[in-house]
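In what follows, a structure is listed as structure tokens, so that the remarks can point back to it.
The values are calculated or read from the model by the stated rules, or taken from the named source; none is laboratory data. Every value quoted in this text rests on a predicted model; they were computed, and no experiment measured them. Don't worry about glycine lacking a Cβ; one is built from the backbone with ideal geometry, like all the others, and counts go over all protein chains shown. These area figures cover heavy atoms from the full protein model, side chains too; ligands, DNA and RNA do not enter into them. Shrake-Rupley method; radii C 1.70, N 1.55, O 1.52, S 1.80 Å.
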Amino acid sequence: MINFTVYGTPVAQGRPRFSSKGGMVKAYDPKKSKDFKKYVKLVAAEHRPEKPLEGPLQLFIRVFKPSLKSFSKKKHAAAESGELRPTTKPDVDNYVKGIKDACSGVLWRDDSQIVELLASKWYSETPRIEIMVVRIKEKGETG
């Protein structure tokens, strides 16, 4: 099992941007998404196994967005306790995409190994992303 936290305000994967040069169209990540993926990759590398994980994997992601300044004290307390959850954009799967991209080749060989995924959004005074990767034992495997 690999378990770690990426501190800072989470950034969802942005829509790809396009440019054309000499008749060729090139797609690229927006700067904010690209920079955040680099940061996640750097933190993930601190928890890198000797060689990337093989086989089927479970991925658990908890995204903690900053509490809104407009919250009343009551709403703020509800957000901190987990009673009030973010139902605003960006969608939780947009966070997942960037995290999977950043961890691929660092923690696991390829994204196709993720066979189970649980992702959730929360509010917190300490914005962060908590990531846990669990290797699923295959039938007949020991240890």
How would Lys38, Lys74 line up by accessible area, probe 1.4 Å, largest first?
Lys74, Lys38
If you line up the Cα atoms of the chain on their principal axes, what length do they span on each, largest first, in Å?
55, 51, 24
How far apart, in nm, are the 7 Å Cα→Cβ label points at Ser70 and Asn3?
3.7
Whole number in Å², please: accessible area per residue of the chain, 1.4 Å probe, ligands, DNA and RNA not counted.
65
Taking the Cα centre of the chain as origin, work out the dipole magnitude from +1 charges on Lys and Arg Cβ and -1 charges on Asp and Glu Cβ, in debye rounded to 20.
760
For Gly105, distant residues with modelled amide H under 5 Å away:
Asp110
One computes Rg over Rh for region 1-62 from alpha-carbon atoms, with the Kirkwood Rh, and obtains 1.09
Beta carbons within 10 angstrom, averaged per residue: use that to sort the peptides 60-68, 95-103, 119-127, highest first.
95-103, 60-68, 119-127
What figure in square angstrom, to the nearest 10, would you give for the accessible area of Asp111 with a 1.4 Å probe?
40
Give me the percent of accessible area attributable to carbon and sulfur for the chain, probe 1.4 angstrom.
53
How high is the relative contact order of the chain? Use alpha-carbon pairs under 8 Å, at least six apart in sequence, and give a whole percent.
43
Give the ranking of Met1, Met132, Met24 by solvent-accessible surface, highest area first, calculated with a 1.4 Å probe.
Met1, Met24, Met132
